[in-house]
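Peer 1: Have a look at this one before I ask anything.
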Amino acid sequence: MQAKFSNNFASAPALRGSVSRDQAIRHALTYNPTLQSQRAELRALESEIVQAGLPPNPELGFDVENFAGNGGSRGFDGAEITAALSQKLELGGKRSKRSLVAALEAEAQRAEIASEEREIRIAADRGFTTLLEARQVRELSEQNVTRAEENLGTLDALLEAGKSNRIDVGKAKLAVSEAKELLAESRSAESNAAAELSQTWGGGAADVTAAGSLTAPGGSAPPNPEAAISRHPAMRAAALRYARAQATYDLEKAKRYSDVEVGGGIRELRDADETAAIVGVRVPLPIFDRNQGNIQAAKERLGRANAEGRSTESDLRSRFAKLSADLQAARSRANEFDSRTINAARQGLDDTREAYSAGKASLLEVLDARETLFEVERGQARAQADLLRAHNSLKTLSNN
């Protein structure tokens, strides 16, 4: 019989409309599928801690011998009936070592969840900044279309007054078409950014827009990245994974010692109408299986945990260095687009328009001035977004 599987997995509740940065981050931290999976695993590991601390169950045995045979063992008159209770005694501290392994596994999972939450926070924050950047570029594109249409309207009026020509009007119409094409691209980019952001909380509807503005962040890079690295939950998780591997190694070595099973009970001899007490001890002889394979495997995994810890530290150090360099470069670029630069570009467009109306400038100069203003405005938005992404990512990565 073929098993049936359901693929109807519930998606995260949809966010719609205008959302703030905090809303997007909280939604991602609540509904991100990876985090939900890790939290479920933690609950399972916490249950396993309880299981690991339980001793073996006692065993109740009931045997009937020497019955239903020939001669004196015919029927039940000559039967021997034995009832016994036995208990396995774990030696070598197996139960405490087993409990320690389970507890360290759960603690490592908690640290990994904290590390993943930090990564999700960074991803959601960067995704929101990208959506905010796309919204601002789309608004700038709309303004660019408005300027192009205003320029076309001015040329139409000048043409009627005999102060322009059809060639310039045709060029202005082409400029409007190009501006509308840029607007369509910016709208598509905003839609894609919304979809990317929604992936941080597991998809769902991406009908969201970013609220807020690309304001310059405050603060600076952490003064002591080494301290931030040592406090990162990924480092704690790596340390706990190593401790768990060590505890597992100790547990496997303890399993070299055979557990003892002791028991006792009552035996009834029916043919003699007598009862007697019995006791027993069973000890497996470790002749072939001394758990040597599991001990060696645990030793190798101890080396693996050590290597993974070094890899985690190296990755964090590289990320801090890269984000610090990105922050410095982004801050330098953002400083190039101050208010004076924007105002100068706007004033240049106004002056060129007036000069064209007075016959002192060509239409090409007007189009160049408008394109320059749009590129400066768009460059400022992108530089501010780069600065926000680098600053916030570094700040979140450095948090205690």
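Peer 1: How many residues are under 30 Å from Asn335 (Cα atoms), open to solvent by 50 Å² or more (accessible area, probe 1.4 Å) and part of a loop (DSSP other than H, G, I, E, B) if we restrict to the range 188-217?
Peer 2: Selection size over the range 188-217: 3.
For (1) open to solvent by 70 Å² or more (accessible area, probe 1.4 Å); (2) more than 23 Å from Ala254 (Cα to Cα); (3) modelled with pLDDT of 95 or more, each residue gets a yes or a no:
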{"site": "Leu45", "(1), (2), (3)": "no, no, yes"}
{"site": "Ala68", "(1), (2), (3)": "yes, yes, no"}
{"site": "Thr82", "(1), (2), (3)": "no, yes, no"}
{"site": "Leu89", "(1), (2), (3)": "yes, no, no"}
{"site": "Ser99", "(1), (2), (3)": "no, no, yes"}
{"site": "Ala102", "(1), (2), (3)": "no, no, yes"}
{"site": "Ala111", "(1), (2), (3)": "no, yes, yes"}
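Peer 1: Which of the residues spanning the range 382-395 are open to solvent by 20 Å² or more (accessible area, probe 1.4 Å) and polar (S, T, N, Q)?
Peer 2: Within the range 382-395, Gln384, Asn392 meet the criteria.
Peer 1: For Val279, work out the one condition from (1) of a type in the set (A, V, I, L, M, F, W, C); (2) open to solvent by 80 Å² or more (accessible area, probe 1.4 Å); (3) under 48 Å from the mean Cα position of the chain (by Cα); (4) modelled with pLDDT of 90 or more it doesn't fulfil.
Peer 2: The single condition Val279 does not satisfy is (3).
Peer 1: As an exercise: evaluate Gly379 against (1) surrounded by 15 or more Cβ atoms within 10 Å (Cβ to Cβ); (2) closer than 30 Å to Ala227 by Cα and give the number of the one condition it does not meet.
Peer 2: (2)
Peer 1: How do the pairs read when you match residues in the range 180-200 that are closer than 14 Å to Glu133 by Cα with residues anywhere that are of a type outside the set (A, V, I, L, M, F, W, C) and not in a helix (DSSP H, G or I), using Cβ under 8 Å and keeping only pairs 6 or more apart or on different chains?
Peer 2: Glu190/Thr209; Ala194/Asp207; Ala194/Thr209
Peer 1: Could you say whether any residue in the range 86-101 is touching a residue at least 60 places away in the same chain (Cβ under 8 Å) and closer than 28 Å to Gln199 by Cα? Lay out the reasoning, then the answer.
Peer 2: Here is the first cut: in the range 86-101, the ones touching a residue at least 60 places away in the same chain (Cβ under 8 Å) are 86-94, 97-98, 100-101.
Retained after the next criterion (residues that are closer than 28 Å to Gln199 by Cα): none.
No: zero hits.
Peer 1: Between residues in the range 21-49 that are outside any helix (DSSP H, G or I) and residues that are among the hydrophobic types (A, V, I, L, M, F, W, C), which pairs lie under 9 Å by C-beta distance while being six or more apart or on different chains?
Peer 2: Asn32/Ala12; Asn32/Ile120; Asn32/Ala123; Asn32/Ala124; Asn32/Trp201
Peer 1: For residues that are assigned to a loop (DSSP other than H, G, I, E, B) and open to solvent by 60 Å² or more (accessible area, probe 1.4 Å), scanning just the range 224-259, find the one that is farthest from Ile295 (Cα to Cα). Full working, then the answer.
Peer 2: Residues of the range 224-259 assigned to a loop (DSSP other than H, G, I, E, B): 224, 232, 255-259.
Subset that is open to solvent by 60 Å² or more (accessible area, probe 1.4 Å): 224, 255-257.
On the way: Asn224: 41, Lys255: 9, Arg256: 9, Tyr257: 13 Å.
So the residue we want is Asn224.
Peer 1: Can I ask one more? What is the one condition in (1) open to solvent by 40 Å² or more (accessible area, probe 1.4 Å); (2) more than 42 Å from the chain's Cα centre (by Cα) that Leu363 does not satisfy?
Peer 2: (1)
Peer 1: Collect the residues in the range 157-178 that are assigned to a helix (DSSP H, G or I) and either touching a Ser or Thr at 6+ places or on another chain (Cβ under 8 Å) or basic (Lys, Arg) (or both), keeping them in residue-number order.
Peer 2: Filtering the range 157-178 for residues assigned to a helix (DSSP H, G or I) gives 157-160, 166-178.
Scanning the range 157-178 gives Leu158, Arg166, Lys171, Lys173.
Peer 1: Please go through (1) of a type in the set (Val, Ile, Thr); (2) open to solvent by 50 Å² or more (accessible area, probe 1.4 Å); (3) out of contact with any strand residue (DSSP E or B) (no Cβ under 9 Å at 6 or more places or on another chain) for Ile266 and return the number of the only condition it doesn't satisfy.
Peer 2: All conditions pass for Ile266, except number (3).
Peer 1: How many residues does the range 316-343 contain that are among the charged types (D, E, K, R), open to solvent by 60 Å² or more (accessible area, probe 1.4 Å) and either free of Cβ contacts under 8 Å to residues at least 12 places away in the same chain or not in a helix (DSSP H, G or I) (or both)?
Peer 2: Total satisfying the criteria: 2.
Peer 1: When you check Ala184 against the structure, is it surrounded by 15 or more Cβ atoms within 10 Å (Cβ to Cβ), of a type in the set (Gly, Ala, Ser) and either more than 30 Å from Pro13 (Cα to Cα) or under 44 Å from the mean Cα position of the chain (by Cα) (or both), yes or no?
Peer 2: It is false that Ala184 is surrounded by 15 or more Cβ atoms within 10 Å (Cβ to Cβ), of a type in the set (Gly, Ala, Ser) and either more than 30 Å from Pro13 (Cα to Cα) or under 44 Å from the mean Cα position of the chain (by Cα) (or both).
Peer 1: Given the criteria within 19 Å of Ala124 (Cα to Cα), in a helix (DSSP H, G or I), among the basic types (Lys, Arg) and open to solvent by 60 Å² or more (accessible area, probe 1.4 Å), does Arg346 qualify?
Peer 2: No.
Peer 1: Restricting attention to the range 349-371, report how many residues are without any contact (Cβ under 8 Å) to a residue 60 or more places away in the chain, part of a helix (DSSP H, G or I) and polar (S, T, N, Q).
Peer 2: 1
Peer 1: Here's another thing I want to ask about it. Considering only the range 366-376, state which residues are under 20 Å from Arg135 (Cα atoms) and either touching a Ser or Thr at 6+ places or on another chain (Cβ under 8 Å) or open to solvent by less than 70 Å² (accessible area, probe 1.4 Å) (or both).
Peer 2: Result: Leu373, Phe374, Val376.
The values are calculated or read from the model by the stated rules, or taken from the named source; none is laboratory data. Just so we're clear, the structure is a prediction, and the values are computed from it rather than from any experiment. We place every Cβ from the backbone using ideal geometry, glycine too, and count neighbours over all the protein chains shown. Please note that ligands, DNA and RNA were not included when accessible areas were found on the heavy atoms of the full protein model with its side chains. Shrake-Rupley method; radii C 1.70, N 1.55, O 1.52, S 1.80 Å.
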